[in-house]
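A short write-up of the structure that comes next.
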Amino acid sequence: MQKLILLLVFIINADLSFSQHPDKYILLKPDRVFDGETMQAGWVVLIKNKKIEQAGSMMFKLPAGTEIIELKGMTLLPGLIEGHSHLLLHPYNETSWNEQVLKESRAERTVRAVNHAKATLMAGFTTVRDLGTEGAMYDDVGLKESIEKGLTAGPRMIIATRAIVATGSYGPKLSVDNESIKGAAEADGEDALIKEIRTQIGNGADLIKIYADYRWGLNKDAQPTFTLDELKKAAEVIQSSGRKLVVHAVTAEAMKRATLAGTSTIEHGDKGTEEVFKLMKEKGVALCPTLSAGESILQYDGWKKGIDTAPQRVIDKKKSFQLALKSGVTICMGSDVGVFTHGDNAREMELMIEYGMKPVEVLRSSTSINADVFGYGNKIGRIKKDLFADLIAVDGDPSTDIKNIRKIKLVMKDGVVYKKE
Ligand SMILES: [Zn+2]
């Protein structure tokens, strides 16, 4: 009995100390606020613990003890969302993809990923959609959990785990006599696909990424892998779990199959035609163009941008991207970072403008549009009451000059300040 009373006293005390824990308020006073959709003048933003409590003109009473952060000359924005990252890869001009997958230990790859996650957050990207561990199995699950537990600083992670490829299509490839580990999980036919999808879901995948084509054509050109029926079945199984299908596709045919199957986004989409983009628009499929990945690889191969004439691949990519814009396809911001340096994600935003978008459209793609397309619009991507306090402040106005997006002065995630200059 005495023990029980003691236990009760302990519980009541614990409960009291919890309820007495004071709410933490922070008021942010920038020059202007990009709310995820438009630029607002005369706004302030009040944070209560992890969430946004107020956003607008100062018409509310400030709670006692509010910490005030003046952000003179700065723009406050929702934390940026990287739509296509690989935290478990590092730039291919340091170590080729094959060598990373075949020769680097999983421990080394994880240590690198921890550093990549920090660099990403400090660059103002408070969320990443991480699209495949490339041979590092389920290590994105542990990284995501470690960040959530506060063991290391990093962005929110929306993860794909291993991704799925058709047998024979993906690398690394050694000799016919020497099977190597693969950069993604191989599965073919409806039964095997269902099994692999459910395995990845069970192990922590927030979405499923499928490669609908790959460079396995007769001349190592990109050709479709999965049939339309395989993709449709995969989409059905993925969607019934409340998750989204994400498809890698470069060829018009694979893009078409992915769109008809019900993908949420198409990654890369280099060879998209007017017909395909029209279909994507009709079906509400977004394009994640990964402009910087293509340019980075060409530069690793010797192209000197600004000195040499643009390679045909750049000219073609620009054309197809502009065709997508003209067709009214929703454009995500996703760079394929990992191919190039983590923390340099803003390179994609700069290229989106160079290829034909307006700065404010790029800011939308990098915040509210990515959040909505990925299914996280009720949590992140806007400066709005009750959303998570993932916020950044930059010097100047990035809607007039996108270079300002690199001048990060404040990074807040979940109401916690990670950087303040
Ligand atoms: Zn990728």
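Derivation of every value follows stated rules applied to the coordinates shown; laboratory data play no part. Small disclaimer: the values here were computed from a predicted structure and weren't measured. Every residue, glycine as well, gets a Cβ built from its backbone with ideal geometry; the counts of neighbours run over all protein chains shown.
Residue 334: net charge of surrounding residues, Cβ under 11 Å, Lys/Arg +1, Asp/Glu -1, itself excluded? Walk me through the numbers before you get to the answer.
Working: positive: 129; negative: 82, 130, 267, 336, 348.
Once positives and negatives cancel, what remains is -4.
Could you please rank 90, 21, 342, 248, placing first whichever residue has the fewest other Cβ atoms within 10 Å of its Cβ? Display every interim value, and only then the final one.
Values: 90 22, 21 9, 342 25, 248 29.
Ordered by Cβ neighbours within 10 Å, fewest first: 21, 90, 342, 248.
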5 angstrom amide H check on residue 35, placed H, neighbours 5+ away:
40
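What's the magnitude of the charge dipole for the chain around its Cα centre, counting Lys and Arg as +1 and Asp and Glu as -1 at the beta-carbon? Answer in Debye, nearest 20.
On the way: 57 positive and 56 negative charges, 206 e Å.
Here the size comes out at about 1000 debye.
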For the range 82-160, listing GluC sites (Glu not before Pro) in a DSSP loop whose Cβ sees at most 15 other Cβ atoms within 10 Å gives 94
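So, counting K/R as plus one and D/E as minus one, what does the shell of residues with Cβ under 14 Å around residue 173 add up to? Present the calculation step by step, with values, prior to reporting the outcome.
Details: positive: 182, 215, 220; negative: 99, 177, 179, 186.
Combined, the nearby Lys, Arg, Asp and Glu give -1.
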Taking amide hydrogens as modeled 1.01 Å from N in the peptide plane, which residues meet the under 5 Å criterion relative to residue 44, leaving out close sequence neighbours?
56, 57, 58
Could you work out the relative contact order of the chain, using alpha carbon pairs under 8 angstrom and six or more residues apart, expressed as a whole percent?
19
Among 47, 373, 294, which residue has its Cα positioned farthest towards the positive end of the charge dipole of the chain, with +1 placed on the Cβ of Lys and Arg, -1 on the Cβ of Asp and Glu, and the dipole taken about the Cα centre?
47
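Using the count of nearby Cβ atoms within 10 Å as a rough guide to exposure, how do 157, 137 rank from fewest to most? Please list the in-between numbers first.
Values: 157 22, 137 16.
Ordered by Cβ neighbours within 10 Å, fewest first: 137, 157.
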Can you give the FRET efficiency to the nearest 0.05 for residue 274 and residue 99, using r as the Cβ-Cβ distance and R₀ = 56 Å?
0.90
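Would you calculate the volume per residue, in Å³, of the smallest convex hull containing every Cα atom of the range 220-352?
Working: hull volume 15.8 nm³, N = 133.
Once divided by residue count, the hull of the range 220-352 is 119 Å³.
Between residue 322 and residue 179, take the C-beta separation as r, use R0 = 45 Å, and let me know the FRET efficiency to the nearest 0.05. Provide the component values of the computation, followed by the final result.
Numbers: r = 43 Å, r/R0 = 0.95.
Step by step, r from the Cβ atoms, then E = 0.60.
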Using a Gaussian network model of the chain whose springs link C-alpha atoms within less than 10 Å, name the residue from 409, 173, 271 with the highest mean-square fluctuation.
173
Could you tell me the center-to-center distance, by alpha carbons, between the range 90-152 and the range 166-218 in angstrom?
20
11 Å reach of a label modelled at residue 215, 7 Å along Cα-to-Cβ, counting backbone N of the range 161-184
171
Cα-centre dipole for the range 239-284 with unit charges at Cβ (Lys and Arg positive, Asp and Glu negative), debye to 20
200
So for the pair residue 146, residue 122, with labels modelled 7 Å out along Cα→Cβ, what separation do we get in nm?
1.7
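So how much slack lies between residue 282 and residue 64, counting 0.36 nm per residue of separation and subtracting their Cα-Cα distance, in nm? Kindly include the intermediate steps, with their values, before the conclusion.
On the way: separation 218, 0.36 × 218 = 78.48 nm, distance 5.10 nm.
Answer, rounded to one decimal: 73.4 nm.
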Residues whose modelled amide H sits under 5 Å from the amide H of residue 387, counting only those 5 or more places away in sequence or on another chain, are 52
Report the full-extension gain for the segment residue 21 to residue 401: residue separation times 0.36 nm, less the Cα-Cα distance, to one decimal in nm.
132.5 nm
Just to check I understand the Karplus step: with θ = phi - 60° and J = 6.51 cos²θ - 1.76 cosθ + 1.60, what whole-Hz values come out for the range 112-117, glycine and proline as x?
4, 4, 4, 5, 4, 5
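Rg to Rh for the range 85-203: what is it, with Cα atoms only and Rh by Kirkwood? Mind showing how you got there, number by number?
Working: Rg = 15.0 Å, Rh = 15.1 Å.
My calculation of the ratio gives 0.99.
Based only on Cα atoms, what mean projected area does the convex hull of the range 80-344 have, in nm²? Could the numbers behind the result be given before it?
Numbers: hull surface 56.5 nm².
Averaged projected hull area, Cα only: 14.1 nm².
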In a shell of Cβ-Cβ distance under 11 Å around residue 193, excluding residue 193 itself, what net charge do Lys and Arg (+1) and Asp and Glu (-1) give?
-4
Which order results if 218, 231 are arranged by neighbouring Cβ count within 10 Å, fewest first?
218, 231
Within the chain, helix-based [θ] at 222 nm, where runs of 4 or more DSSP H residues each add -39,500 (n - 2.57), nearest 500:
-10500 deg cm²/dmol
